[in-house]
Amino acid sequence: MPQLVKKASVRRKPSADLESNAVRIKSRGQKGSASLVPTVDLVAAKDRIEELEEELENAGLALFLQERLQASRGERLSADDFLAEIGMGEFVEQLPGA
């Protein structure tokens with residue numbers, strides 16, 4: 001096990017695939033397994049997940065705005081009302097002049 005850890009810990013550049021450098025560890029007679037993943041790959045995967053979550057939030061907001069614009073008849077919406085509509089009413093108190 002120490003040699004596996006040493007081999008994994010020397011990696012400085014993440015792999016393209018989280019499992020490329022992972023070592024699958026199985027116990028004799030046991031179902032299932034565990035994986036030893038180099039930290040550099042784990043950090044890269046977490047960073048990518050954060051990027052994807054942000055992209056998903058932006059896409060959701062864009063879709064909401066598109067639907068909202070189609071449903072509106074040209075009337076203006078206050079920042080308070082907008083934040084409430086997108087489920088962020090708790091931020092209304094932080095607006096200037098609130």
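Taken together, the values in this text are just the output of simple stated rules run on the coordinates, not laboratory data. If you're wondering where the values come from, they're calculated on a predicted model, not measured in any experiment. Quick reminder, even Gly has a Cβ in these numbers, built from the backbone with ideal geometry, and neighbours come from all protein chains shown.
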Rounded to the nearest 500 deg cm²/dmol, what is the calculated helix-only ellipticity per residue at 222 nm for the chain, with -39500 (n - 2.57) per DSSP H run of length n ≥ 4? -16000 deg cm²/dmol
Can you list the trypsin sites (Lys or Arg not before Pro) in the chain that are in a DSSP coil and have 10 or fewer other beta carbons within 10 angstrom? R12, K26, R28, K31, R73, R76
Roughly how many whole Å is it from the C-alpha centroid of segment 47-67 to that of segment 1-37? 32
For labels at E57 and E90 in the simple 7 Å Cα→Cβ model, what's the distance in nm? 1.3
Candidates E75, E19, E53; GNM for the chain (alpha-carbon contacts under 10 Å) flags as most fluctuating E75
Explain nothing, just the number: dipole magnitude of the chain about its Cα centre with +1 on each Lys and Arg Cβ and -1 on each Asp and Glu Cβ, in debye rounded to the nearest 20. 1360
Net charge of neighbours whose Cβ lies under 14 Å from the Cβ of L18, counting Lys and Arg as +1 and Asp and Glu as -1: +1
Please list, in order, the residues from segment 37-60 whose amide nitrogen is less than 20 Å from a point placed 7 Å along the Cα→Cβ vector of K13. 37-48
Can you give me the distance in nm between label points at E75 and R24, each placed 7 Å from the Cα along the Cα-to-Cβ direction? 6.0
Which Cα, out of L42, G29, V10, lies furthest along the positive dipole direction of the chain (beta carbon charges, K/R +1, D/E -1)? G29
